[in-house]
Amino acid sequence: MIQFTRRTLKAYFQLKILQQQRLVVDQLRKEATLKRVNVSKAIEDLKVFLTPYNEVCYLLIPLHFQKFIREKEQEDYLLAGFPSQKANPYREKSSCNVL
């Protein structure tokens with residue numbers, strides 16, 4: 001049976017933490033090199049991707065996903081928008097200032 005001292009356990013855990021931090025840094029570096037796209041542009045691309053007129057791209061989506069997307073499209077606030085301003089949880093909050 002192997003006996004661990006406090007010193008070896010401390011070194012072991014420090015090494016594990018260092019390895020985890022390196023993984024996080026590597027992931028952040030990968031994410032930093034990604035090309036970012038505005039949400040509005042991504043939504044427009046998605047709408048084009050889902051139109052039946054664009055058959056080449058449309059064929060890339062399996063039929064059951066196409067059906068699911070069409071069924072849920074009206075519920076998706078990024079695609080359809082909010083039915084009213086009150087339903088939008090991200091709207092600017094109005095404040096009442098009484099002088």
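Can you tell me which residue in segment 41-59 is modelled with the lowest pLDDT, limited to those that are part of a loop (DSSP other than H, G, I, E, B) and surrounded by 10 or more Cβ atoms within 10 Å (Cβ to Cβ)?
Within segment 41-59, the subset part of a loop (DSSP other than H, G, I, E, B) is 51-54, 59.
Of the ones still in play, those that are also surrounded by 10 or more Cβ atoms within 10 Å (Cβ to Cβ) are 51, 54, 59.
On the way: T51: 53, N54: 46, L59: 55.
Filtering first and then ranking leaves N54.
Contact map, segment 62-84: first residue surrounded by 10 or more Cβ atoms within 10 Å (Cβ to Cβ), second residue in a helix (DSSP H, G or I) and polar (S, T, N, Q), Cβ cut-off under 6 Å, separation 6 or more or different chains; pairs are A80/Q74.
Do you know which residues across segment 76-94 are of a type in the set (G, A, S), closer than 16 Å to V39 by Cβ and assigned to a loop (DSSP other than H, G, I, E, B)?
Restricting attention to segment 76-94, the residues satisfying the condition of being of a type in the set (G, A, S) are 80-81, 84, 87, 94.
If we keep only those that are closer than 16 Å to V39 by Cβ too, we end up with 80-81.
Correct list: G81 only.
The values are calculated or read from the model by the stated rules, or taken from the named source; none is laboratory data. As the structure is a computational prediction, the values presented were derived from the model and not from experiment. Glycine also receives a Cβ, built like all others from the backbone with ideal geometry; neighbour counts cover every protein chain displayed.
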